[in-house]
Amino acid sequence: MRIDEHPRHRWADEQPRTRWVDPSSFSARRPDLRLGGRRHRLDRAGGSAVDRIAVRHSVRTSSAEYSLLLNAPERLGRARVGAALADAVAELRAIDLTYGPARPESLVSRLRRGEISPESYPPLADLVDRCAAMRAATDGWFDAWAVPGGFDPGGLLGGWAVERAAARLRAAGIDDYALISGADLVVRGHAAHGGPWRVAVHHPTDARRAPLLLEMTAGAVGTSGVSGRQGHVVDPHTGAPAEHLAAATVIGPDLAVADAYATALYAAGPAGLAWFRNGSDYRALFAHRR
């Protein structure tokens with residue numbers, strides 16, 4: 001059995017607020033979101049409740065493209081919903097500018113040069129702490145310090161940015177949303193049609209395989225290995241490009257953690273599946289061998 005062919009029942013109901021769906025139940029209802037492979041898209045909305053404000057918006061930074069879907073209560077008003085959307089987009093842009101490792105004057109670059117300490121800025125300290133925690137959780141297979149030039153949180157930074165933008169939405173009173181970046185996703189609450197977000201997760205390397213179908217009201221999906229770049233993940237123990245897997249996808253409560261797990265699993269290969277046992281809140285959806 002390949003490691004991406006675990007029996008479907010093994011995962012059923014193990015992820016809180018995420019439910020596996022029989023493909024036949026999607027026959028008359030289109031997915032709200034599709035992830036995986038080379039093409040990630042939003043399907044057409046399946047209608048909107050009369051007392052809700054449904055918004056779709058896309059934004060590109062220097063390092064990523066994001067799609068934001070909001071399903072806000074009408075009582076907030078369009079002006080407040082628009083302000084909340086602008087605040088979330090501003091957070092994504094600010095993180096790209098302030099923390100991007102490729103930017104010479106970013107906080108990450110300054111940290112690498114020894115000009116500042118993590119404690120200089122609380123969000124930077126949180127980012128460093130999260131990277132350290134994931135290094136411990138993955139037996140060193142996710143290691144933001146084992147890269148040329150020093151500290152590089154790239155395998156976790158994108159998910160961290162999305163989670164911070166989502167927190168901005170919640171602070172503004174919007175508890176029903178989906179944020180997508182490439183093959184990564186965070187959802188909460190309900191879609192515009194009033195039900196859980198319907199997510200089709202396509203196999204990251206084999207377009208002929210039927211997608212996994214999920215209904216989600218909270219959770220995240222993180223993927224590593226579908227960018228098309230060769231050697232973008234290295235074995236932190238040897239410095240050589242990771243060669244075990246073609247792609248790895250992990251689901252769980254927090255996208256920063258799911259992203260880091262997916263990066264580590266991509267690097268470690270089948271040995272990394274041990275991280276998701278013993279009651280872990282995270283599960284490997286795909287761990288596809290080369």
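Full-extension gain between R208 and R103, please, as 0.36 nm times their residue separation minus the C-alpha to C-alpha distance.
Gain in length upon complete extension: 33.9 nm.
As an exercise, use a Förster radius of 41 Å and the Cβ-Cβ distance of A86 and R30 to find the FRET efficiency, rounded to the nearest 0.05.
0.90
Averaged per residue, what accessible surface does region 128-205 expose to a 1.4 Å probe, in Å²?
For region 128-205, the solvent-accessible area averages 32 Å² per residue.
At a probe radius of 1.4 Å, what is the per-residue accessible area of L213, in Å² to the nearest 10?
Accessible surface of L213 is approximately 10 Å².
When the solvent-accessible surface of protein heavy atoms is calculated with a 1.4 angstrom probe, in what order do T263, T205 fall, highest first?
I get T205, T263, largest accessible area first.
Which log10 I(q)/I(0) values, to two decimals, does region 69-137 give at q = 0.12, 0.13 Å⁻¹ under the Debye formula with one point per Cα?
Evaluating at q = 0.12, 0.13 Å⁻¹ gives log10 I(q)/I(0) of -0.48, -0.54.
Let me understand region 174-290 better: what is its radius of gyration from the alpha carbons, and its Dmax, in angstrom?
Radius of gyration, then largest Cα-Cα span, for region 174-290: 14.7, 49 Å.
Using a probe of 1.4 angstrom, how much of the accessible area of region 191-290 is carbon and sulfur, in percent?
Carbon and sulfur atoms account for 48 percent of the accessible area of region 191-290.
How high is the FRET efficiency between A125 and S62 when r is their beta carbon distance and R₀ equals 30 Å, given to the nearest 0.05?
FRET efficiency, A125 to S62: 0.80.
The values are calculated or read from the model by the stated rules, or taken from the named source; none is laboratory data. Note that this is a predicted model, so its numbers are computed, not measured. Quick reminder, even Gly has a Cβ in these numbers, built from the backbone with ideal geometry, and neighbours come from all protein chains shown. Heavy atoms of the whole protein, side chains included, go into the accessibility calculation; ligands, DNA and RNA do not. Shrake-Rupley method; radii C 1.70, N 1.55, O 1.52, S 1.80 Å.
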